[in-house]
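Accompanying notes for the structure given below.
All of the numbers you see were taken from the coordinates with simple rules; none came from a lab. From a predicted model like this one, the values you see are computed outputs, not experimental measurements. Virtual Cβ from ideal backbone geometry, glycine too; neighbours counted across all protein chains shown.
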2 protein chains.
Amino acid sequence: MNIQFKKGVLEICVLSVLAHKDCYGYELVNEISKQIDISEGTIYPLLRRLKDEGYVTTYLQESVEGPPRKYYLLTESGRKEEHELKEEWMRFTTAVNALLVGKNDAAE
Amino acid sequence: MNIQFKKGVLEICVLSVLAHKDCYGYELVNEISKQIDISEGTIYPLLRRLKDEGYVTTYLQESVEGPPRKYYLLTESGRKEEHELKEEWMRFTTAVNALLVGKNDAAE
DNA sequence: AACATGTATCTTGTTATGCAAGATACTGTG
DNA sequence: CACAGTATCTTGCATAACAAGATACATGTT
């Protein structure tokens, strides 16, 4: 899978999954892996960034299957960001697809 | 415009435009700019890479409007790459969109 | 008890790519 | 002659994904 394609996109994916339900990091890897390859070395730094930027907050919850889980939940700002990023992604893919089919001429 | 989204994608855009017609660098910037912001500091290193990888070859052609133009044309290998990258891009966007609408569950 | 496996989090160093800013140079116009 | 438009190219910076490894808890196996 083309690593470069994922740049910036995994961020929307994480925000989008969190928009549906709170998740812990390991769970996010599993959820997103159903569609896109993603490694733990990617998700944890990304989650830290999202927290630093105020898009998510966290809470700890114990587990019977292993060490405690750190759940992430969207803030108000995170929901807004999720919405805006999604719109930008749609605009971007529309623009790229227009180029790929060769219909990018202005007026002819 | 989200810079990260473009990572790896501009390469397909260039290959795709070149699949329709030979272009020189400055012309590619203008063509692609109709849909996506792209700067000259991006296109020239990218074109060099494509040449190093054997996806394009070049020829010079004089111009009455300025300095000589360096035209790029796809090689056989370049056409193949263009096709494969495009397919990968389609698969990728399909996967991302599945995640964004929350329909990424296995069997329910 | 020792070990492996699955669960769970996190860090370090590497790699790739896009961009801003600038250098260079040719042509035609004021 | 200076300037704008055309055209190519380079340097240094920022960003984000990844591989590999460290840590630690719970359970099952030898």
ask   = Which of the peptides A:49-56, B:41-48 is most tightly packed, and how do the rest follow, judged by the mean count of other Cβ atoms within 10 Å per residue?
value = A:49-56, B:41-48
query = Across peptide A:5-13, how many C-beta atoms of other chains are within 10 Å of each residue C-beta, on average?
reply = 6
note = Taking alpha-carbon centroids only, the stretch A:76-104 lies from the stretch B:34-84 a number of Å equal to 26 Å
task = Answer with one residue from A:Ala95, A:Ile32, A:Leu10: the one whose Cα lies farthest towards the positive end of the charge dipole of the stretch A:4-99, charges on Cβ with Lys, Arg +1 and Asp, Glu -1.
result = A:Ala95
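FRET efficiency for B:Thr42 and A:Tyr26, Cβ-Cβ distance as r, R0 = 45 Å, nearest 0.05?
On the way: r = 37 Å, r/R0 = 0.81.
The pair B:Thr42/A:Tyr26 has a calculated efficiency of 0.80.
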remark   = The pairs in A:Lys70/B:Lys7; A:Lys6/A:Lys34; A:Lys7/B:Lys34; A:Lys21/A:Lys70; A:Lys6/B:Lys34; A:Lys21/B:Lys6 lying past 21 Å Cα-Cα in this model are A:Lys70/B:Lys7; A:Lys7/B:Lys34; A:Lys6/B:Lys34; A:Lys21/B:Lys6
ask   = Mind checking the dipole of chain A: about its Cα centre, +1 per Lys or Arg Cβ, -1 per Asp or Glu Cβ, Debye to the nearest 20?
value = 100 debye
request  = Throw me the Rg/Rh for the stretch B:8-98, computed over C-alpha atoms with Kirkwood Rh, two decimals.
outcome  = 1.01
query = In nm, what does the list of distances from A:Asp52 to its counterparts in the other copies look like, shortest first, when each label sits 7 Å along Cα to Cβ?
reply = 3.0
task = Note the angle between two axes, namely the Cα long axis of helix B:76-100 and the longest principal axis of the Cα atoms of chain B, as a number of degrees from 0 to 90, rounded to the nearest 10.
result = 30 degrees
message = Treating the point 7 Å from Cα along Cα-beta-carbon as the label, what are the nm separations from A:Arg91 to the other copies, to one decimal?
response = 3.0
